[in-house]
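To start, the structure itself, in structure tokens.
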Protein chains: 2
Amino acid sequence: MSNTTIKILAKQLNLSVATVSKALRDSYEISNETKQKVLTLAKELNYVPNPYASSLRKRVSNTIAVVLPEVADSFFSQAINGIESIAQDKGYHVLIYLTHENFVREEAILKEFQSGRVDGILISVSGETSQSDHIKNVMTSGIPIVFFDRVCEDVKTARVVTDDFECGYNATIHLAKQGCKKIAYLAAPSNLSISNNRMQGYKKALEELGYKNDDQEILYCGDDTAKDYENIKKLLKKENRPDGLIACVEKFTTDVYLACKDMNLSIPGDVKVISFTNLQTAPILNPSLTTITQPAFEMGQKAASVLFESLCKKKSDLKNETIVIPSVLHKRDSTA
Amino acid sequence: MSNTTIKILAKQLNLSVATVSKALRDSYEISNETKQKVLTLAKELNYVPNPYASSLRKRVSNTIAVVLPEVADSFFSQAINGIESIAQDKGYHVLIYLTHENFVREEAILKEFQSGRVDGILISVSGETSQSDHIKNVMTSGIPIVFFDRVCEDVKTARVVTDDFECGYNATIHLAKQGCKKIAYLAAPSNLSISNNRMQGYKKALEELGYKNDDQEILYCGDDTAKDYENIKKLLKKENRPDGLIACVEKFTTDVYLACKDMNLSIPGDVKVISFTNLQTAPILNPSLTTITQPAFEMGQKAASVLFESLCKKKSDLKNETIVIPSVLHKRDSTA
């Protein structure tokens with residue numbers, strides 16, 4: 001705490017605490033002369049307002065929370081930059097909370113918010129999140145929430161997403177055009193909206209291409225890195241092994257590349273690979289990686305903008321709407 | 001805000017606000033019977049204490065701040081995970097602030113902290129930070145600060161770092177052993193402790209190897225990605241161009257690889273490359289990248305542990321000490 005309080009200012013200036021407080025808030029009740037005296041001394045003594053007292057009075061914390069599964073992912077780190085770019089303009093603090101893909105932790109974090117620690121929340125839910133009562137409770141207590149990327153469809157609020165279904169579809173069609181006969185989908189845990197939407201696109205494409213049901217091959221990953229790696233190798237050891245792989249999240253990419261290397265399978269000769277990722281290193285991988293690149297920065301910016309629009313109003317008026325910003329397919333050597 | 005306040009509880013129970021407040025804090029002045037009544041109704045009405053009122057009373061916020069240049073870097077994202085693993089155990093919130101390598105922003109963030117919004121601070125300074133008054137001011141106001149990775153040497157507090165000098169030295173010796181005759185160092189902005197310490201190690205190694213002063217080649221990067229890329233290409237176009245490169249931070253790696261590709265220079269045939277980075281994709285780059293890998297998670301954990309030890313005491317007692325956790329050299333194809 002700074003040692004200078006309103007009391008100290010008042011005493012030195014021989015004014016009442018109420019007068020000093022009002023002068024600091026630029027109240028019309030106080031003369032310009034007095035305001036000047038107060039501000040001069042406040043500066044001299046390095047007075048900094050106590051944010052908790054100030055928050056109590058104004059009932060705003062000037063803080064928004066960003067709830068994320070992790071930051072060790074290029075999508076989330078770029079999305080945070082987008083969110084920050086807007087928050088900084090508005091003079092808001094950004095509080096980043098990590099769930100580490102754990103539902104119990106997400107619940108505990110959201111429960112905290114009911115106490116008014118933050119004015120609004122941006123959230124991308126964990127891979128374990130299959131219901132949304134914890135989110136609805138916070139909204140009921142008057143704190144607006146906007147989803148980005150990973151959403152709960154049943155919560156009536158704004159959602160900023162990318163075109164996951166179309167991208168799953170396009171990734172599959174691209175692999176088929178490149179000659180793949182058996183395309184596997186590496187899925188994230190089954191509750192995750194993004195993984196499911198991308199998978200629906202994959203299924204739709206296979207159907208249109210006239211592939212049989214037997215040609216579908218879905219491997220759920222993401223619980224445990226060591227297990228993921230073994231499961232990917234098992235998949236690639238199958239007699240009728242896939243010659244095309246779609247990694248639905250970034251962290252499966254390294255496992256796929258290392259498994260292929262370990263098994264002497266050539267990418268793209270034996271297996272073609274496409275990944276949903278914003279990795280900066282995609283062009284310098286061996287081979288360079290075909291990616292579905294999400295508009296991470298723009299999605300963060302948009303989600304923050306929608307939230308701040310709502311915060312400017314007396315009562316949150318977030319529409320139940322889905323805002324879609326499309327991703328881009330970058331063709332590189334891994335699917336050549 | 002949750003709609004249930006202490007006032008509402010008091011009214012419904014026909015008790016005074018002070019009594020309810022004391023009961024909620026488990027005061028010895030209140031009978032067990034009354035406490036039970038209060039807690040039962042509080043649970044029924046989903047009462048959540050207001051954290052700002054609570055912070056004012058206890059003068060603690062149960063929050064620590066982590067001030068970082070960015071999260072789009074594997075070192076920082078892993079360090080955050082280390083910090084969080086400790087904070088969670090202690091029941092603390094982690095507030096992440098990003099300076100985006102901007103000194104003015106870092107100053108503004110630190111100024112804020114003087115108001116007592118957080119109980120303690122972990123900081124890794126920006127590339128522009130050349131003086132430390134803003135940090136000393138916060139410490140003077142009674143809030144403990146621990147540095148990790150990027151430090152200000154003149155601030156008397158705990159610093160958790162890695163063995164940057166030794167790693168700069170070892171990287172240079174490794175390149176020389178692999179046959180490099182002219183080794184260049186890609187430096188971050190000149191104020192940065194880690195870049196300078198690594199560079200001193202580089203210079204020391206060159207000296208021991210009997211290289212002349214003319215053999216030193218230091219290129220400052222990090223201001224602007226497009227400019228960095230052009231400058232790296234200029235360096236590689238020189239008549240007496242380097243055959244070994246040390247990238248002192250992760251983000252120069254992609255530029256170096258792309259510049260070599262663009263100029264038809266083979267890595268490691270024409271230029272050998274070593275990078276300070278914790279990139280997960282290092283083994284699957286083309287070619288796989290030799291790295292100095294920092295103990296990012298452990299450094300985050302250690303810095304948080306030191307800070308929490310200090311927070312447990314009535315008065316901060318952080319020693320003026322430097323705690324060193326060594327990095328590891330992983331040899332891969334880029335220096336073969």
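None of the figures in this text is laboratory data; all of them are computed from the coordinates on show. Values in this document were obtained by computation on a predicted structure and should not be read as measured data. Ideal geometry is used to build each Cβ from the backbone, glycine not excepted, and the neighbour counts take in all protein chains shown.
Charged neighbours of residue B:98, selected by a Cβ distance under 13 Å, balance to -4 (K, R count +1; D, E count -1). Histogrammed with a bin width of 10 Å, the alpha carbon distances of region A:32-152 distribute as 12, 37, 28, 12, 8, 3, 0 percent, first bin at zero.
Divided by 2.2 N^0.38 Å, where N counts the residues, the Cα radius of gyration of the protein assembly as shown comes to 1.07. Based on alpha-carbon centroids, what's the gap between region A:130-195 and region A:313-336 in Å, whole number please? About 10 Å separates the Cα centre of region A:130-195 from the one of region A:313-336.
Length gained on full extension, residue A:324 to residue A:263, computed as 0.36 nm times the residue gap minus the Cα-Cα distance: 18.0 nm. When the charge dipole of the protein assembly as shown is built from unit charges on Cβ atoms (+1 for Lys and Arg, -1 for Asp and Glu) and taken about the Cα centre, the candidate among B:221, A:247, B:40 whose Cα reaches farthest toward its positive end is B:40. Compute the whole-percent fraction of alpha carbon pairs in region A:218-336 spaced more than 26 Å apart. Every Cα pair in region A:218-336 considered, those over 26 Å come to 36 percent.
Residues B:119, B:163, A:89, arranged from fewest to most other Cβ atoms within 10 angstrom of their Cβ, appear as A:89, B:163, B:119. Each stretch of four or more DSSP H residues adds -39500 (n - 2.57); spread over every residue of chain B, this sum gives -13000 deg cm²/dmol at 222 nm. Per residue, the convex hull spanned by the Cα atoms of region B:273-335 measures out at 72 cubic angstrom. Neighbour counts of other Cβ atoms within 10 Å put B:299, A:199 in the fewest-to-most order A:199, B:299. If you restrict to DSSP beta bridges whose two residues both lie in the protein assembly as shown, what percentage is antiparallel, to the nearest 5? Roughly 10 percent of the beta bridges in the protein assembly as shown run antiparallel, per DSSP.
With label points defined 7 Å past Cα in the direction of Cβ, position residue A:319 shows copy-to-copy spacings of 6.1 nm, given to one decimal and shortest first. Residue A:131 label point (Cα plus 7 Å toward Cβ) to equivalent points in the other copies: 5.9 nm, shortest first.
For helix A:74-90, what angle does its Cα long axis make with the longest principal axis of chain A, in degrees from 0 to 90 and rounded to 10? Taking Cα atoms only, the helix is inclined about 20 degrees. Relative to the other identical copies, residue B:230 shows label-point distances of 5.3 nm, where the label point lies 7 Å from Cα along the Cβ direction and values run shortest first.
For region A:82-189, the normalised intensity computed at q = 0.24 Å⁻¹ comes to -1.41 (log10 of I(q)/I(0), Debye sum over alpha carbons, equal scatterers, no solvent).
The 3J(HN,Hα) values that the Karplus relation (6.51, -1.76, 1.60; θ = phi - 60°) gives for region A:154-171 are, in residue order, 8, 8, 7, 7, 7, 10, 10, 9, 10, 7, 4, 4, 4, 5, x, 5, 5, 4 Hz. Gly and Pro appear as x.
With the convex hull drawn around the C-alpha atoms of region A:187-249, the volume per residue stands at 82 Å³.
Considering only beta bridges that DSSP places wholly inside chain B, some 10 percent are antiparallel. The alpha carbons of region B:164-293 give a radius of gyration and a Dmax of 13.3, 36 Å, in that order. The calculated P(r) of region B:6-49, using every Cα pair and 5 Å bins from 0, goes 5, 27, 41, 23, 5 in percent. Shape summary: chain A maps onto an equivalent ellipsoid whose semi-axes, from the alpha-carbon gyration tensor, are 52, 19, 17 Å in decreasing order. Are any of the pairs A:111/B:7; A:233/B:177; A:35/B:22; B:272/B:302 more than 29 Å apart by Cα-Cα distance, and if so, which? Going by Cα-Cα distance, A:233/B:177; A:35/B:22; B:272/B:302 fall outside the 29 Å limit.
Applying the Karplus relation 6.51 cos²θ - 1.76 cosθ + 1.60 with θ = phi - 60° to region B:310-325 yields 3J(HN,Hα) values of 5, 5, 5, 8, 5, 10, 4, 10, 5, 6, 7, 9, 10, 9, 10, 10 Hz, where x marks Gly and Pro. Going from the residue with the fewest nearby Cβ atoms within 10 Å to the one with the most, A:75, A:308, A:148 rank A:308, A:75, A:148. In whole angstrom, region A:74-135 maps to an equivalent ellipsoid with semi-axes of 22, 16, 8, each derived as √(5λ) from the alpha carbon gyration tensor and ordered largest first.
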